[in-house]
1. How much area per residue is accessible in chain A when the probe is 1.4 Å and only protein heavy atoms are counted (Å²)?
2. Kyte-Doolittle cut-off -0.5, length cut-off 30 Å along the helix's own axis using Cα: show which whole DSSP H helices in chain A pass.
3. Determine the percent antiparallel among the DSSP beta bridges restricted to the range B:213-336, to the nearest 5.
4. Compute, for chain B, the length of the dipole vector about the Cα centre, with Cβ point charges of +1 (Lys, Arg) and -1 (Asp, Glu) only. Units Debye, rounded to 20.
5. Would you mind listing how long the range B:264-306 runs along its three principal axes, going by Cα atoms, in whole Å with the largest first?
6. So if the hydrodynamic radius of the protein assembly as shown is defined as the Kirkwood radius over C-alpha pairs, what does Stokes-Einstein give as its diffusion coefficient at 4 °C and 1.567 mPa s, in µm² per second?
7. Based on the alpha-carbon gyration tensor of the range B:122-185, what equivalent-ellipsoid semi-axes (square roots of 5 times the eigenvalues) come out, in whole Å, largest first?
8. On a C-alpha basis, how far is the centre of the range B:160-207 from the centre of the range A:189-244 in Å? Whole number, if you could?
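The values are calculated or read from the model by the stated rules, or taken from the named source; none is laboratory data. Since this is a predicted model, take the numbers as computed values, not measurements. Ideal geometry is used to build each Cβ from the backbone, glycine not excepted, and the neighbour counts take in all protein chains shown. Each accessible area value is taken on the protein alone, full model and side chains, heavy atoms only, with ligands, DNA and RNA left out. Shrake-Rupley method; radii C 1.70, N 1.55, O 1.52, S 1.80 Å.
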Number of protein chains: 2
Amino acid sequence: MALTLTLDAHDPETQARAGRMETRHGEVLTPAFMPVGTQGAVKTLTPDELTAAGADILLANTYHLDQRPGVDVVRALGGLHRFMGWPKAILTDSGGFQVLSLAELRKVSDEGVEFRSHLDGSRKFLSPEEAVRIQDGLGTDIAMSLDELVEAPVAPDAARRAAERTVLWAERGLKERERLRDEGRGGMALFGINQGGVEAAERRRCFERLGAMPFDGYAIGGLWVGEERSLSLDMVEHDCGLFPEGRPRYLMGVGHPVDVLDALGRGVDLLDCVLPTRNARRGTVFVSTGRLVVKNAAYAADPRPLDLECDCYTCARFSRAYLRHLFAAGELLGMRLASIHAVTHMIGLVRRARRAVLEGRFREFREAFVERFRSGETLAPSGAA
Amino acid sequence: MALTLTLDAHDPETQARAGRMETRHGEVLTPAFMPVGTQGAVKTLTPDELTAAGADILLANTYHLDQRPGVDVVRALGGLHRFMGWPKAILTDSGGFQVLSLAELRKVSDEGVEFRSHLDGSRKFLSPEEAVRIQDGLGTDIAMSLDELVEAPVAPDAARRAAERTVLWAERGLKERERLRDEGRGGMALFGINQGGVEAAERRRCFERLGAMPFDGYAIGGLWVGEERSLSLDMVEHDCGLFPEGRPRYLMGVGHPVDVLDALGRGVDLLDCVLPTRNARRGTVFVSTGRLVVKNAAYAADPRPLDLECDCYTCARFSRAYLRHLFAAGELLGMRLASIHAVTHMIGLVRRARRAVLEGRFREFREAFVERFRSGETLAPSGAA
């Protein structure tokens, strides 16, 4: 097995669970929030800062890395872990989402996706086999199957066609991994991605076929792309109800603190999102009590840390006033310090949720957090926080 | 005394010297290269990274900090050390250079400099007294006297007028510090700046007056502004020959490795320059064997560190190929990692020069470094370095 999941606890009142996922690059405590290193770096941060933030897994983007510097370069340099100096687990996406959102002139067929690179306009083709080969070449610990994503709102028959193609591609990806394994490669875990939009019946139909395949885990795809939040959460609950108990469940692209806790309560083990760090680079961070727009002039003389309850490097050492100054002055250190807090905060939130599951009080934890967060958002400047 | 210098050794063959400068915020080994934190941050770096690089003093820019966030904000937050989280020594410039290079509609009179802020166009006035008050408000360890700088090439009589005004302002700055001390403030050291362009006679005349004033140290001003390098070095040697033995000598704005060693050999104790870090942010770093343009495609698959002889975090952990990728991909981490090397390299070079002085072999050290550096610059890509 390329990956094993040991479940330590189930919350008595929700579907939340706590476990440990063993990968080729160490143990990952679940649930886990994965920082996103799109281009082989979590923007502005070093591997050591991610470790200090508590990360034991991160996500890297196959499409970006294959475009630049190229999988051959990464492989020649010893694989992605060595290339980026990250010794712990890496999950890569399939590249499909980026092909469909960034590349130009894309044409999807049963064979795969034809597209032009957003960097140099060169013609490329991504098949489900190639997606697996690239991820293997990067040396990932957890690869994702190529899937077809459709944007909301989507007609039921379009969702069905995408789901059918996703199933077809899933089979071919698994076969390619088998072929690689015959060659002594392909040692990574491979996850299938369930699709079907917000049609429960469609998602069920999709999973009837995916669930019969020997995937190491399953992802919940095609949500948080424009549809209503409550509907998304229903689909998360629906999919988790279908997924096998003993394999990790990964909800893609969800990173708002409240969404994260709602997803955990429905049985999700892994999440990733660029939202917290992207916001941070723009001068807004999530804190225990809400959302804090630190670049605002209101913080210009505020001696308090970003988050009074946080013990990250930034909160331990610097004031809101200093961060506000760095943003006002265009100093990159501001982005860095805010990113350190953002990553630490999200990983810490999920880690605290894990502890709550272990102690059988996840529902209470979630409710207390959400109530406080909702009342505090957006924080009143100075004095009131 | 706000500052004491203890000299441990003089090189037998040059004017180079090694010592320890005691400040209100700790001991500074001299000679010392000071990283520049223009706006209250050495661009992209944290205080801890500067400490790891070996820094025990840095420079901050009075003009920038007074413009934004303002000296009152910094003082209310406990002073610049606390504001930026830097516990060691800080030297501030007077603000004069920036007023004369950045501000608009500046008008210089014996009273001071009238100008418009480059940020908001507001009308300001910087007098020699105000320059001292602002630096005191920031809580600096070493303040600089307001001086008038003229650009090369400059007519002898313009250089003389500037030198005369500099002397006048120096007296007034010292008086202001006395006044502050009567109020229980003004505890910082204050350096006078010698001017006179590249006219030895003018510089001598300027120093005849400055040298009679109770400054804690002296700076060599008005050089490296367009004139010939050999002439600048002559002026450095000239000034150091006049300066009192027991006080620190600061050569402003010089940071090319070869220039730095040439200046140390003429008796300089302190230097600062944005060049190494500015270059680094643009993808070029000084290394032991020359100058390395790491953003070049030639390094795309080079597994070696930036500098094979460097033990900084960047060189210990990352390849040229990774840095090249980060620059190509526009990842800010590239600027950071290159800056870490740049600061470590410059501080390390000066620290090694210090050791050479202590061991009586500075001339040999300088010659070996320069010969190697000159032959290696710019490094041939891959294989040849």
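1. I get 37 Å² per residue for this part.
2. Working: long enough: A:156-182 (39 Å, -1.31); A:332-358 (39 Å, 0.76).
Result, helices passing both filters: A:332-358.
3. Numbers: 4 of 9 bridges.
Given both bridge residues lie in the range B:213-336, the antiparallel proportion sits at roughly 45 percent.
4. On the way: 50 positive and 54 negative charges, 198 e Å.
Taking the Cα centre of chain B as origin, the dipole is about 960 debye.
5. Computed over the Cα atoms, the extents are 43, 19, 11 Å.
6. Working: Rh = 28.7 Å.
Stokes-Einstein gives a translational diffusion coefficient of 45 µm²/s.
7. Details: eigenvalues 135, 33, 20 Å².
Computed over the range B:122-185, the values are 26, 13, 10 Å.
8. Answer, in whole Å: 74.
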